[in-house]
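Written below as structure tokens is the structure these notes are about.
Just so you know, all these numbers are worked out from the coordinates, no wet-lab data involved. Computed from a predicted model, the values in this text were never measured in an experiment. Every residue, glycine as well, gets a Cβ built from its backbone with ideal geometry; the counts of neighbours run over all protein chains shown.
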Amino acid sequence: VQAVEIVGLVFQSPIIVPEGGGVDLELALRPSSHGIECIWRSGEDVFASATMSSMDAARPSPVDVAAIRSRCRKRILEPRGFLDQPFMAFGPRWSNVERLSLGADEALLELRLPREFADDIRRIHLHPAVMDMATGGAQALIAGFDQQSHFYVPLSYNRVRVFGDLPASVVSHVRLSPHGGHDLAVFDVTISDVNGDVLVEIEGFGMKRISAATTLGRVGPSEVATAASLRVSDAGSLANEMLREGMTPSEGVDALERVLQSGLRPRVVVSTADPGVWLERVDALRDAPESRRSDSVSTRGEIG
């Protein structure tokens, strides 16, 4: 079948939108040897990047939903829509979780888009509210997870393969990966229809634990102004410039392959610019007056 593959999707920073306002977001597309490079940005700020391509791929074998459900009986929740997420204000479309069954390092999520929004799927191939809960709705698998005090946000997707559109009702098989670490949880996810036919296969979905004081829900003008001042600060400007001058994921893979084939010895540095220049600029920023650095740190703390 013809599938869409998304590789190296990284969320580099949140999009801060004032209540009742908006943000102009640009999607820049650039052809490459690996597909289409995608960068989501607003002005000088880069929010996310990924590589997308189409491919001929065999659809994975159907999921045995009944077998997974029989294994996931350690804890069963029927939240009637919303999971208990005290740090986030979700819109009504996110009220789509009918059942969460937890097992040993795996979970089964059964989701249904609310009936009043069923027409969404006629024009949206991967409904964001369904995708969000299908991938991030099983955080209870994380060791020591406390719903009331632990706040995880999406960080990256290593690989996503899309074999079909999401219907109003889906089933998501979530597996906790051993590749997580301190404050980082990694999941592999298979989303299927209610019959088990695979629609989306996800490898390496990463979620990062952040401070519970961070505001990602309703944001007022003061928070927007704070975020804007951070983005144009010396550190933020330098980081954005380095990001724009850096490699895309596919370019990084190409560079790695060339290094491995070249027979070069260890400690090889691959850069799109002179590393010495960047180090000098970082050192200059580090050696800036203490009061200037303190202002920057204080601003960063206000937005988490």
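See the values below:
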| item | result |
| --- | --- |
| Calculated SAXS-style log₁₀ I(q)/I(0) at q = 0.10, 0.12, 0.19 Å⁻¹ - region 1-139, Debye, Cα scatterers | -0.49, -0.71, -1.32 |
| Cβ-defined net charge surrounding R161, 13 Å radius [Lys, Arg +1; Asp, Glu -1] | -3 |
| Volume in Å³ per residue [convex hull over Cα atoms, computed for region 144-218] | 129 |
| Net +/- balance of residues flanking D24 in space, Cβ distance below 13 Å, scoring K and R +1, D and E -1 | -2 |
| Overall dimensions of region 91-190 as given by Cα atoms, namely Rg and Dmax in Å | 13.9, 41 |
| Listed residue (P18, C72, M88) projecting farthest to the positive dipole end of region 1-93, Cβ model | C72 |
